[in-house]
Amino acid sequence: MNRWQPAIEAALAEARLAGAHGDVPIGAVILDEAGRTIAVGHNERELHHDPTAHAEVVAIRRAAEALGSWHLDGCTLVVTLEPCTMCAGAIVAARLARLVFGAYDPKAGAVASLWDVVRDPRLNHRPEVVGGIAEDECSQLLLDFFADRR
């Protein structure tokens, strides 16, 4: 089993919660240095009418609150979809040590697909990136969600 499998499964469970209330099913989990879950989040844009309530941002806010610091040094963000530019910026700003994601996003991905914001050498922090974890399952969840809306 892949070392990230339990975390991506937890992120997928979060993603399903987002879909249940009409948000695009994307979920995120933040792990501490020991691999323990310290925060979870899923898309809540529709739920709260907040364009910034992406799964990654929700999880980052909760992790910062749990740790009492916006510095998430040593932490890993696991998310079901490649982050967009806003979320990639938040990952850099939070000083996350690692980003692990499931599906690539050819339309808005800012880590590998369209841009590589998180590894831009001009920025002051660059997390390790691991992509394509449970990619098929993460992609299928999104495909099913959008197929149901057509």
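Since every read-out is calculated from the coordinates, none of them should be taken as a lab result. Quick caveat, the model's predicted, so the values are computed rather than measured. Neighbour counts are summed over all protein chains in view; Cβ atoms, including those assigned to glycine, are modelled from backbone coordinates with ideal geometry.
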(message) Can you tell me the length gained on complete extension of the stretch ASN2 to ASP136, counting 0.36 nm per residue apart and subtracting the Cα distance?
(response) 46.8 nm
(request) Hey, for a label at ARG122 modelled as a point 7 Å past Cα toward Cβ, could you say which residues of segment 77-96 have their backbone N under 17 Å away? (result) 85-86, 88-90, 92-93
(request) Let me have the 222 nm mean residue ellipticity of the chain computed from DSSP H runs of 4+ only, each contributing -39500 (n - 2.57), with the sum over all residues rounded to the nearest 500. (result) -11500 deg cm²/dmol
(message) For a protection proxy built on the mean count of beta-carbon atoms within 10 angstrom, sort 14-25, 92-103 highest first, please.
(response) 92-103, 14-25
(message) Give the separation of the Cα centroids, segment 80-150 to segment 28-63, in Å.
(response) 14 Å
(message) Nearest 5 percent is fine: what portion of the DSSP beta bridges confined to the chain is antiparallel?
(response) 55 percent
(request) Sticking with the crude label model, points 7 Å out along Cα→Cβ, report the distance from MET86 to SER69 in nm, one decimal please. (result) 2.8 nm
(request) Taking the Cα centre of segment 9-84 as origin, work out the dipole magnitude from +1 charges on Lys and Arg Cβ and -1 charges on Asp and Glu Cβ, in debye rounded to 20. (result) 100 debye
(request) Might you report the magnitude of the Cβ-based charge dipole of the chain about its Cα centre, with Lys and Arg at +1 and Asp and Glu at -1, to the nearest 20 debye? (result) 280 debye
(message) Let's see if you can work this out: charge +1 on each Lys and Arg Cβ, -1 on each Asp and Glu Cβ, no other charges. What is the dipole magnitude of segment 43-100 about its Cα centre, in debye to the nearest 20?
(response) 160 debye
